Amino acid sequence: MPETSARLRELNPTQLITLTFAAACVLGGILLKLPFSTHDGISFVDALFTATSAVCVTGLVVVDTGTAFTDFGKVVILFLIQIGGLGITTYGAVFTSVLTGRLSLKNRAMIRDSFAHFGITNFGRLLFEILIFTFMVELLGALLLFVFIPKDGFLTALFHSVAAFCNAGFAFYPDSFIGYKGSIGVNLVLIWLIVIGGIGFLVVRDIRLYFVRKIPHISLHSKLVLFITGLLLIGGSVAILGLEWTGALSEMTTKEKLLVSIFQSATARTTGFNTVDLTLFSSSTLFIIIILMFIGASPGSCGGGIKTSTLGVLLSFAKNRSLGRDEVFLFKRTVPKEVVSKSISVVTLSLLLVIFMSLLLTASMSWGTSYTKMPGIFMDALFETVSAFGTVGLSLGLTAKLSTFGKIVVIFTMLIGRVGPLAIALAVGGEKQIRFKYAEERVMVG
(Lines give C-alpha, C1' and ligand atoms only; values in the text may rest on other atoms or scores of the structure.)
Protein backbone atom coordinates (compact mmCIF):
# COMPACT_ATOMS: atom_id res chain seq x y z
CA MET A 1 0.00 0.00 0.00
CA PRO A 2 2.72 2.58 0.82
CA GLU A 3 4.37 1.77 -2.52
CA THR A 4 1.07 2.25 -4.36
CA SER A 5 0.46 5.58 -2.60
CA ALA A 6 3.95 6.73 -3.54
CA ARG A 7 3.31 5.88 -7.18
CA LEU A 8 0.02 7.77 -7.16
CA ARG A 9 1.75 10.84 -5.73
CA GLU A 10 4.20 10.73 -8.63
CA LEU A 11 1.40 11.00 -11.20
CA ASN A 12 0.74 14.40 -12.71
CA PRO A 13 -2.82 15.82 -12.47
CA THR A 14 -3.69 14.79 -16.04
CA GLN A 15 -2.66 11.20 -15.44
CA LEU A 16 -4.55 11.11 -12.14
CA ILE A 17 -7.72 12.48 -13.75
CA THR A 18 -7.54 9.85 -16.50
CA LEU A 19 -6.89 7.07 -13.99
CA THR A 20 -9.79 8.07 -11.73
CA PHE A 21 -12.26 8.20 -14.62
CA ALA A 22 -11.09 4.80 -15.89
CA ALA A 23 -11.28 3.32 -12.39
CA ALA A 24 -14.81 4.66 -11.92
CA CYS A 25 -15.88 3.06 -15.21
CA VAL A 26 -14.51 -0.34 -14.15
CA LEU A 27 -16.01 -0.10 -10.65
CA GLY A 28 -19.35 0.93 -12.14
CA GLY A 29 -19.20 -2.01 -14.53
CA ILE A 30 -18.62 -4.39 -11.61
CA LEU A 31 -21.59 -2.94 -9.71
CA LEU A 32 -23.89 -3.20 -12.75
CA LYS A 33 -22.78 -6.81 -13.31
CA LEU A 34 -24.09 -7.81 -9.88
CA PRO A 35 -27.11 -10.14 -10.15
CA PHE A 36 -29.43 -7.73 -8.34
CA SER A 37 -28.56 -4.82 -10.67
CA THR A 38 -30.50 -6.25 -13.62
CA HIS A 39 -33.63 -8.33 -14.10
CA ASP A 40 -32.24 -10.92 -16.52
CA GLY A 41 -28.48 -10.56 -16.18
CA ILE A 42 -25.99 -8.72 -18.37
CA SER A 43 -22.55 -9.47 -19.81
CA PHE A 44 -19.57 -7.69 -18.28
CA VAL A 45 -18.84 -5.89 -21.56
CA ASP A 46 -22.40 -4.53 -21.60
CA ALA A 47 -22.11 -3.59 -17.91
CA LEU A 48 -18.78 -1.83 -18.57
CA PHE A 49 -20.25 -0.10 -21.62
CA THR A 50 -23.21 1.20 -19.58
CA ALA A 51 -20.99 2.31 -16.71
CA THR A 52 -18.58 4.11 -19.04
CA SER A 53 -21.49 5.78 -20.80
CA ALA A 54 -22.78 6.97 -17.41
CA VAL A 55 -19.44 8.15 -16.00
CA CYS A 56 -18.61 9.87 -19.28
CA VAL A 57 -22.15 11.36 -19.25
CA THR A 58 -22.85 10.07 -22.75
CA GLY A 59 -26.10 8.13 -22.83
CA LEU A 60 -25.32 5.47 -25.46
CA VAL A 61 -26.93 2.23 -24.28
CA VAL A 62 -26.74 -1.40 -25.38
CA VAL A 63 -29.72 -2.39 -23.20
CA ASP A 64 -32.84 -0.41 -22.36
CA THR A 65 -32.22 1.49 -19.12
CA GLY A 66 -35.84 1.55 -18.00
CA THR A 67 -36.56 -2.17 -18.37
CA ALA A 68 -33.21 -3.97 -18.08
CA PHE A 69 -32.08 -2.59 -14.72
CA THR A 70 -33.57 -2.96 -11.27
CA ASP A 71 -34.05 0.00 -8.94
CA PHE A 72 -30.60 -0.70 -7.52
CA GLY A 73 -29.07 -0.70 -11.00
CA LYS A 74 -30.82 2.56 -11.85
CA VAL A 75 -29.50 4.16 -8.65
CA VAL A 76 -25.98 3.02 -9.57
CA ILE A 77 -26.36 4.58 -13.04
CA LEU A 78 -27.71 7.79 -11.49
CA PHE A 79 -24.76 7.96 -9.09
CA LEU A 80 -22.27 7.34 -11.93
CA ILE A 81 -23.88 10.09 -14.00
CA GLN A 82 -23.66 12.48 -11.06
CA ILE A 83 -19.99 11.87 -10.29
CA GLY A 84 -19.17 11.89 -13.99
CA GLY A 85 -21.01 15.16 -14.55
CA LEU A 86 -19.45 16.98 -11.64
CA GLY A 87 -16.06 15.40 -12.23
CA ILE A 88 -14.47 12.81 -10.00
CA THR A 89 -11.64 15.24 -9.28
CA THR A 90 -14.16 17.66 -7.81
CA TYR A 91 -15.36 15.06 -5.34
CA GLY A 92 -11.80 14.07 -4.50
CA ALA A 93 -10.85 17.67 -3.82
CA VAL A 94 -13.97 18.24 -1.71
CA PHE A 95 -13.25 15.16 0.42
CA THR A 96 -9.63 16.24 0.83
CA SER A 97 -10.76 19.71 1.85
CA VAL A 98 -13.22 18.35 4.39
CA LEU A 99 -10.78 15.87 5.90
CA THR A 100 -7.68 18.04 6.05
CA GLY A 101 -9.11 21.54 6.03
CA ARG A 102 -7.04 22.53 3.03
CA LEU A 103 -6.36 21.55 -0.59
CA SER A 104 -3.03 20.17 -1.78
CA LEU A 105 -1.17 21.79 -4.64
CA LYS A 106 -1.87 18.69 -6.75
CA ASN A 107 -5.61 18.95 -6.12
CA ARG A 108 -5.52 22.64 -6.98
CA ALA A 109 -3.82 21.81 -10.27
CA MET A 110 -6.40 19.10 -10.94
CA ILE A 111 -9.25 21.55 -10.40
CA ARG A 112 -7.61 24.07 -12.71
CA ASP A 113 -7.37 21.39 -15.38
CA SER A 114 -10.97 20.32 -14.85
CA PHE A 115 -12.52 23.78 -14.88
CA ALA A 116 -10.08 25.71 -17.07
CA HIS A 117 -10.44 28.83 -14.97
CA PHE A 118 -7.89 31.32 -13.68
CA GLY A 119 -7.74 33.72 -10.80
CA ILE A 120 -9.66 31.69 -8.17
CA THR A 121 -7.71 31.03 -4.99
CA ASN A 122 -10.37 29.79 -2.56
CA PHE A 123 -10.95 26.38 -4.11
CA GLY A 124 -12.74 24.97 -1.09
CA ARG A 125 -15.43 27.63 -1.34
CA LEU A 126 -15.59 27.26 -5.13
CA LEU A 127 -16.21 23.52 -4.88
CA PHE A 128 -18.81 24.02 -2.17
CA GLU A 129 -20.62 26.51 -4.42
CA ILE A 130 -20.50 24.05 -7.32
CA LEU A 131 -22.06 21.27 -5.26
CA ILE A 132 -24.80 23.48 -3.81
CA PHE A 133 -25.58 24.99 -7.22
CA THR A 134 -25.69 21.56 -8.89
CA PHE A 135 -28.01 19.96 -6.35
CA MET A 136 -30.32 23.00 -6.28
CA VAL A 137 -30.65 23.11 -10.07
CA GLU A 138 -31.20 19.36 -10.30
CA LEU A 139 -33.82 19.45 -7.53
CA LEU A 140 -35.64 22.37 -9.15
CA GLY A 141 -35.52 20.61 -12.52
CA ALA A 142 -36.92 17.43 -10.93
CA LEU A 143 -39.78 19.35 -9.32
CA LEU A 144 -40.65 21.04 -12.61
CA LEU A 145 -40.52 17.78 -14.56
CA PHE A 146 -42.70 16.15 -11.90
CA VAL A 147 -45.27 18.92 -12.42
CA PHE A 148 -45.38 18.27 -16.17
CA ILE A 149 -45.02 14.45 -15.98
CA PRO A 150 -46.58 13.48 -12.62
CA LYS A 151 -47.69 9.98 -13.68
CA ASP A 152 -44.15 8.54 -13.65
CA GLY A 153 -43.28 9.63 -10.11
CA PHE A 154 -40.73 11.97 -8.58
CA LEU A 155 -37.77 9.56 -8.80
CA THR A 156 -38.18 9.33 -12.58
CA ALA A 157 -38.29 13.11 -12.77
CA LEU A 158 -35.17 13.33 -10.58
CA PHE A 159 -33.30 10.82 -12.75
CA HIS A 160 -34.08 12.75 -15.93
CA SER A 161 -33.25 16.07 -14.28
CA VAL A 162 -29.81 14.82 -13.22
CA ALA A 163 -29.26 13.26 -16.65
CA ALA A 164 -30.21 16.50 -18.41
CA PHE A 165 -28.08 18.76 -16.20
CA CYS A 166 -25.11 16.40 -16.38
CA ASN A 167 -25.64 16.21 -20.15
CA ALA A 168 -26.13 12.43 -20.14
CA GLY A 169 -28.76 11.09 -22.52
CA PHE A 170 -30.04 8.28 -20.28
CA ALA A 171 -33.83 7.99 -20.22
CA PHE A 172 -36.31 5.52 -18.76
CA TYR A 173 -38.40 5.78 -21.94
CA PRO A 174 -37.43 3.47 -24.84
CA ASP A 175 -38.06 6.26 -27.37
CA SER A 176 -36.44 8.98 -25.21
CA PHE A 177 -38.80 12.01 -25.11
CA ILE A 178 -40.54 11.55 -28.47
CA GLY A 179 -43.84 11.24 -26.62
CA TYR A 180 -43.39 14.76 -25.23
CA LYS A 181 -42.36 16.55 -28.43
CA GLY A 182 -45.40 18.84 -28.16
CA SER A 183 -45.07 19.61 -24.43
CA ILE A 184 -43.77 23.15 -24.03
CA GLY A 185 -43.13 22.63 -20.32
CA VAL A 186 -41.09 19.42 -20.67
CA ASN A 187 -39.09 20.83 -23.59
CA LEU A 188 -38.27 24.12 -21.89
CA VAL A 189 -37.26 22.50 -18.59
CA LEU A 190 -34.96 20.00 -20.33
CA ILE A 191 -33.44 22.67 -22.59
CA TRP A 192 -32.81 24.90 -19.55
CA LEU A 193 -31.10 22.06 -17.69
CA ILE A 194 -29.05 21.08 -20.75
CA VAL A 195 -27.86 24.64 -21.46
CA ILE A 196 -27.02 25.39 -17.81
CA GLY A 197 -25.11 22.14 -17.49
CA GLY A 198 -23.42 22.71 -20.83
CA ILE A 199 -22.03 26.21 -20.31
CA GLY A 200 -20.35 25.36 -17.01
CA PHE A 201 -20.62 26.64 -13.45
CA LEU A 202 -17.94 29.31 -13.85
CA VAL A 203 -19.89 31.02 -16.62
CA VAL A 204 -23.04 30.94 -14.49
CA ARG A 205 -20.98 32.32 -11.61
CA ASP A 206 -19.69 35.15 -13.80
CA ILE A 207 -23.23 36.06 -14.86
CA ARG A 208 -24.45 36.03 -11.26
CA LEU A 209 -21.59 38.24 -10.08
CA TYR A 210 -22.22 40.65 -12.96
CA PHE A 211 -25.93 41.14 -12.27
CA VAL A 212 -26.11 40.61 -8.49
CA ARG A 213 -22.83 42.09 -7.26
CA LYS A 214 -22.49 44.52 -10.16
CA ILE A 215 -19.02 43.31 -11.16
CA PRO A 216 -17.92 45.74 -13.91
CA HIS A 217 -17.34 43.12 -16.62
CA ILE A 218 -17.79 39.46 -17.55
CA SER A 219 -14.65 37.46 -18.26
CA LEU A 220 -13.53 36.86 -21.85
CA HIS A 221 -14.07 33.13 -21.37
CA SER A 222 -17.72 33.64 -20.35
CA LYS A 223 -18.40 36.09 -23.19
CA LEU A 224 -17.00 33.66 -25.73
CA VAL A 225 -18.89 30.67 -24.31
CA LEU A 226 -22.21 32.55 -24.25
CA PHE A 227 -21.71 33.95 -27.76
CA ILE A 228 -20.78 30.60 -29.37
CA THR A 229 -23.47 28.73 -27.40
CA GLY A 230 -26.16 31.15 -28.57
CA LEU A 231 -24.85 31.06 -32.13
CA LEU A 232 -24.89 27.26 -32.27
CA LEU A 233 -28.27 26.95 -30.57
CA ILE A 234 -29.95 29.41 -32.94
CA GLY A 235 -28.04 28.30 -36.02
CA GLY A 236 -28.67 24.62 -35.36
CA SER A 237 -32.38 25.21 -34.76
CA VAL A 238 -32.79 27.18 -37.99
CA ALA A 239 -30.83 24.58 -39.98
CA ILE A 240 -32.86 21.63 -38.65
CA LEU A 241 -36.15 23.49 -39.10
CA GLY A 242 -35.31 24.54 -42.66
CA LEU A 243 -33.91 21.19 -43.79
CA GLU A 244 -36.70 19.10 -42.27
CA TRP A 245 -39.76 21.36 -42.65
CA THR A 246 -41.09 19.16 -45.46
CA GLY A 247 -39.18 16.08 -44.31
CA ALA A 248 -39.14 14.51 -40.86
CA LEU A 249 -41.16 17.41 -39.41
CA SER A 250 -43.76 17.57 -42.20
CA GLU A 251 -46.59 15.87 -40.30
CA MET A 252 -46.09 17.91 -37.12
CA THR A 253 -47.86 21.10 -36.09
CA THR A 254 -45.95 24.39 -36.31
CA LYS A 255 -45.52 24.36 -32.53
CA GLU A 256 -44.07 20.86 -32.60
CA LYS A 257 -41.75 21.72 -35.48
CA LEU A 258 -40.32 24.68 -33.55
CA LEU A 259 -39.98 22.71 -30.29
CA VAL A 260 -38.34 19.72 -31.97
CA SER A 261 -35.86 21.90 -33.91
CA ILE A 262 -34.79 23.89 -30.86
CA PHE A 263 -34.66 20.78 -28.64
CA GLN A 264 -32.55 18.76 -31.10
CA SER A 265 -30.18 21.69 -31.59
CA ALA A 266 -29.67 21.96 -27.81
CA THR A 267 -29.39 18.25 -27.09
CA ALA A 268 -27.19 17.43 -30.12
CA ARG A 269 -24.19 19.26 -28.69
CA THR A 270 -24.20 17.69 -25.27
CA THR A 271 -26.98 15.47 -24.05
CA GLY A 272 -28.47 12.90 -26.40
CA PHE A 273 -32.19 13.08 -25.65
CA ASN A 274 -34.39 13.19 -28.73
CA THR A 275 -38.00 14.13 -29.50
CA VAL A 276 -37.98 12.75 -33.05
CA ASP A 277 -36.75 9.55 -34.70
CA LEU A 278 -33.31 10.57 -36.01
CA THR A 279 -33.40 7.97 -38.77
CA LEU A 280 -36.13 10.08 -40.42
CA PHE A 281 -33.68 12.96 -40.87
CA SER A 282 -31.97 13.60 -44.18
CA SER A 283 -28.21 13.10 -44.57
CA SER A 284 -27.66 16.88 -44.59
CA THR A 285 -29.45 17.26 -41.25
CA LEU A 286 -27.50 14.36 -39.77
CA PHE A 287 -24.29 16.05 -40.92
CA ILE A 288 -25.37 19.24 -39.10
CA ILE A 289 -25.95 17.18 -35.96
CA ILE A 290 -22.52 15.54 -36.34
CA ILE A 291 -20.92 19.00 -36.45
CA LEU A 292 -22.84 20.09 -33.34
CA MET A 293 -21.85 16.90 -31.49
CA PHE A 294 -18.18 17.35 -32.45
CA ILE A 295 -18.17 20.91 -31.06
CA GLY A 296 -19.91 19.85 -27.87
CA ALA A 297 -20.30 21.84 -24.67
CA SER A 298 -18.02 24.30 -22.87
CA PRO A 299 -14.92 23.90 -20.67
CA GLY A 300 -15.67 23.20 -17.03
CA SER A 301 -19.11 21.86 -17.89
CA CYS A 302 -20.62 18.40 -17.90
CA GLY A 303 -20.32 17.89 -21.67
CA GLY A 304 -17.62 16.72 -24.08
CA GLY A 305 -16.52 17.65 -27.59
CA ILE A 306 -13.80 20.09 -28.60
CA LYS A 307 -15.70 22.79 -26.63
CA THR A 308 -17.36 26.04 -27.69
CA SER A 309 -14.45 28.23 -26.59
CA THR A 310 -12.04 26.17 -28.71
CA LEU A 311 -14.21 26.80 -31.76
CA GLY A 312 -14.39 30.51 -30.93
CA VAL A 313 -10.62 30.81 -30.61
CA LEU A 314 -10.07 28.96 -33.90
CA LEU A 315 -12.60 31.11 -35.77
CA SER A 316 -10.98 34.24 -34.41
CA PHE A 317 -7.53 32.87 -35.32
CA ALA A 318 -8.66 32.24 -38.90
CA LYS A 319 -10.21 35.71 -39.12
CA ASN A 320 -7.15 37.50 -37.76
CA ARG A 321 -4.74 35.51 -39.92
CA SER A 322 -6.80 36.31 -43.02
CA LEU A 323 -6.40 39.99 -42.13
CA GLY A 324 -2.63 39.56 -41.82
CA ARG A 325 -2.50 39.85 -38.04
CA ASP A 326 -0.13 37.76 -35.92
CA GLU A 327 -2.17 38.25 -32.75
CA VAL A 328 -5.66 36.85 -32.06
CA PHE A 329 -8.18 39.43 -30.83
CA LEU A 330 -11.50 38.61 -29.15
CA PHE A 331 -13.89 41.15 -27.64
CA LYS A 332 -11.10 43.75 -27.49
CA ARG A 333 -8.76 41.33 -25.74
CA THR A 334 -5.65 39.50 -26.98
CA VAL A 335 -5.74 35.72 -26.70
CA PRO A 336 -2.40 34.26 -25.53
CA LYS A 337 -0.55 32.24 -28.18
CA GLU A 338 -0.42 29.17 -25.95
CA VAL A 339 -4.23 29.17 -25.85
CA VAL A 340 -4.38 29.33 -29.65
CA SER A 341 -1.80 26.55 -29.89
CA LYS A 342 -3.74 24.39 -27.44
CA SER A 343 -6.95 24.94 -29.42
CA ILE A 344 -5.28 23.82 -32.63
CA SER A 345 -3.87 20.75 -30.86
CA VAL A 346 -7.26 19.81 -29.41
CA VAL A 347 -9.03 20.01 -32.77
CA THR A 348 -6.25 18.17 -34.62
CA LEU A 349 -6.11 15.32 -32.10
CA SER A 350 -9.91 15.15 -31.98
CA LEU A 351 -10.21 14.87 -35.76
CA LEU A 352 -7.55 12.17 -35.87
CA LEU A 353 -9.32 10.28 -33.08
CA VAL A 354 -12.72 10.46 -34.80
CA ILE A 355 -11.23 9.33 -38.13
CA PHE A 356 -9.38 6.39 -36.57
CA MET A 357 -12.25 5.22 -34.35
CA SER A 358 -14.76 5.58 -37.22
CA LEU A 359 -12.51 3.39 -39.34
CA LEU A 360 -12.31 0.74 -36.60
CA LEU A 361 -16.05 0.84 -35.98
CA THR A 362 -16.89 0.65 -39.69
CA ALA A 363 -14.50 -2.28 -40.13
CA SER A 364 -15.99 -4.10 -37.14
CA MET A 365 -19.46 -3.88 -38.71
CA SER A 366 -18.71 -4.41 -42.39
CA TRP A 367 -15.51 -6.44 -42.63
CA GLY A 368 -15.47 -8.26 -45.97
CA THR A 369 -18.87 -6.83 -46.98
CA SER A 370 -19.32 -4.76 -50.15
CA TYR A 371 -20.62 -1.19 -50.03
CA THR A 372 -23.79 -2.12 -51.96
CA LYS A 373 -24.83 -4.54 -49.20
CA MET A 374 -24.32 -2.01 -46.37
CA PRO A 375 -24.59 1.45 -48.01
CA GLY A 376 -25.34 3.41 -44.84
CA ILE A 377 -22.82 1.85 -42.49
CA PHE A 378 -20.25 4.66 -42.76
CA MET A 379 -22.77 7.34 -41.78
CA ASP A 380 -23.98 5.16 -38.90
CA ALA A 381 -20.42 4.53 -37.69
CA LEU A 382 -19.33 8.16 -38.05
CA PHE A 383 -22.45 9.36 -36.23
CA GLU A 384 -21.89 6.82 -33.43
CA THR A 385 -18.21 7.71 -33.09
CA VAL A 386 -18.77 11.47 -32.92
CA SER A 387 -21.65 10.94 -30.49
CA ALA A 388 -19.34 8.88 -28.25
CA PHE A 389 -16.48 11.37 -28.55
CA GLY A 390 -18.74 14.34 -27.81
CA THR A 391 -20.32 12.33 -24.94
CA VAL A 392 -23.70 13.05 -26.51
CA GLY A 393 -25.55 9.75 -26.64
CA LEU A 394 -27.49 10.09 -29.89
CA SER A 395 -27.50 7.08 -32.21
CA LEU A 396 -28.97 5.95 -35.50
CA GLY A 397 -29.58 2.52 -34.02
CA LEU A 398 -26.06 1.15 -34.35
CA THR A 399 -25.38 0.83 -30.60
CA ALA A 400 -27.59 -2.22 -30.13
CA LYS A 401 -25.92 -3.93 -33.12
CA LEU A 402 -22.32 -3.46 -31.97
CA SER A 403 -20.03 -6.45 -31.73
CA THR A 404 -17.87 -6.94 -28.64
CA PHE A 405 -14.96 -5.29 -30.44
CA GLY A 406 -17.21 -2.42 -31.54
CA LYS A 407 -18.38 -1.89 -27.95
CA ILE A 408 -14.76 -1.71 -26.77
CA VAL A 409 -14.00 0.87 -29.48
CA VAL A 410 -16.93 3.02 -28.33
CA ILE A 411 -15.92 2.60 -24.66
CA PHE A 412 -12.45 3.99 -25.35
CA THR A 413 -13.92 6.78 -27.49
CA MET A 414 -16.28 7.85 -24.70
CA LEU A 415 -13.48 7.83 -22.13
CA ILE A 416 -11.14 9.86 -24.34
CA GLY A 417 -13.95 12.25 -25.22
CA ARG A 418 -14.75 12.85 -21.54
CA VAL A 419 -11.20 13.36 -20.33
CA GLY A 420 -10.07 15.11 -23.51
CA PRO A 421 -7.75 14.01 -26.34
CA LEU A 422 -5.05 16.48 -25.33
CA ALA A 423 -5.24 15.30 -21.71
CA ILE A 424 -4.95 11.68 -22.82
CA ALA A 425 -1.91 12.54 -24.94
CA LEU A 426 -0.28 14.29 -21.98
CA ALA A 427 -1.18 11.43 -19.64
CA VAL A 428 0.43 8.87 -21.94
CA GLY A 429 3.41 10.89 -23.09
CA GLY A 430 3.91 13.16 -20.11
CA GLU A 431 4.75 16.85 -20.16
CA LYS A 432 8.34 17.10 -21.33
CA GLN A 433 10.29 20.35 -21.41
CA ILE A 434 12.29 20.83 -24.62
CA ARG A 435 15.63 22.44 -23.76
CA PHE A 436 16.85 22.89 -27.32
CA LYS A 437 15.65 24.23 -30.65
CA TYR A 438 16.25 22.92 -34.16
CA ALA A 439 17.17 25.16 -37.09
CA GLU A 440 14.18 26.71 -38.89
CA GLU A 441 13.20 25.77 -42.43
CA ARG A 442 10.18 26.83 -44.48
CA VAL A 443 7.35 24.50 -45.55
CA MET A 444 4.75 25.43 -48.19
CA VAL A 445 1.18 25.24 -46.86
CA GLY A 446 -2.23 26.30 -48.08
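The values are calculated or read from the model by the stated rules, or taken from the named source; none is laboratory data. Just so it is clear, the structure is predicted and the values come from calculations on it, not from any experiment. For neighbour counting, all protein chains shown are included, and Cβ atoms are generated from backbone atoms with ideal geometry for every residue, glycine included.
Just a few scattered comments:
- Scanning the range 357-380 for residues that are among the aliphatic types (A, V, I, L, M) and assigned to a helix (DSSP H, G or I), we see that the one that is surrounded by the most Cβ atoms within 10 Å (Cβ to Cβ) is Leu361.
- Selection within the range 333-347 - of a type in the set (Gly, Ala, Ser) and either over 13 Å from Gly312 (Cβ atoms) or more than 25 Å from the chain's Cα centre (by Cα) (or both): Ser341, Ser345
- Qualifying residue in the range 259-267 (condition: over 20 Å from Ala171 (Cα atoms) and either of a type outside the set (Gly, Ala, Ser) or modelled with pLDDT of 90 or more (or both)): no
- Count of residues meeting criterion [assigned to a loop (DSSP other than H, G, I, E, B) and either crowded, with 21+ Cβ neighbours inside 10 Å or touching a Pro at 6+ places or on another chain (Cβ under 9 Å) (or both)] in the range 272-290: 6
- Annotation note: Cβ proximity below 8 Å between a residue of the range 126-151 that is of a type in the set (S, T, N, Q) and a residue that is in a helix (DSSP H, G or I) (sequence gap 6+ or interchain) occurs for Thr134/Gly85; Thr134/Leu86; Thr134/Phe165; Thr134/Phe201.
- Flag if Gly312 is under 27 Å from Gly169 (Cβ atoms), more than 16 Å from the chain's Cα centre (by Cα) and not assigned by TED's automatic domain parsing to the domain that holds Leu415: yes
- So Ile424, is it modelled with pLDDT under 85 and surrounded by 10 or more Cβ atoms within 10 Å (Cβ to Cβ): yes
- Selected residue (criterion: surrounded by the fewest Cβ atoms within 10 Å (Cβ to Cβ)) from residues of the range 155-172 that are among the small types (Gly, Ala, Ser) and part of a helix (DSSP H, G or I): Ala157
- Selection within the range 173-220 - assigned to a helix (DSSP H, G or I), free of Cβ contacts under 8 Å to residues at least 12 places away in the same chain and over 21 Å from the mean Cα position of the chain (by Cα): Gly179, Arg208, Leu209, Tyr210, Phe211, Val212
Conditions (1) crowded, with 16+ Cβ neighbours inside 10 Å; (2) in contact (Cβ under 8 Å) with a residue 60 or more places away in the chain; (3) within 23 Å of Val392 (Cα to Cα); (4) under 25 Å from the mean Cα position of the chain (by Cα), marked per residue:
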residue	(1), (2), (3), (4)
Lys223	yes, yes, no, yes
Leu226	yes, no, yes, yes
Leu232	yes, yes, yes, yes
Gly235	no, no, yes, yes
Thr246	no, no, no, no
Met252	yes, yes, no, no
Leu258	yes, no, yes, yes
Ser265	yes, no, yes, yes
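- Residue match in the range 297-315 (condition: part of a helix (DSSP H, G or I), modelled with pLDDT of 90 or more and farther than 23 Å from Gly87 by Cβ): yes
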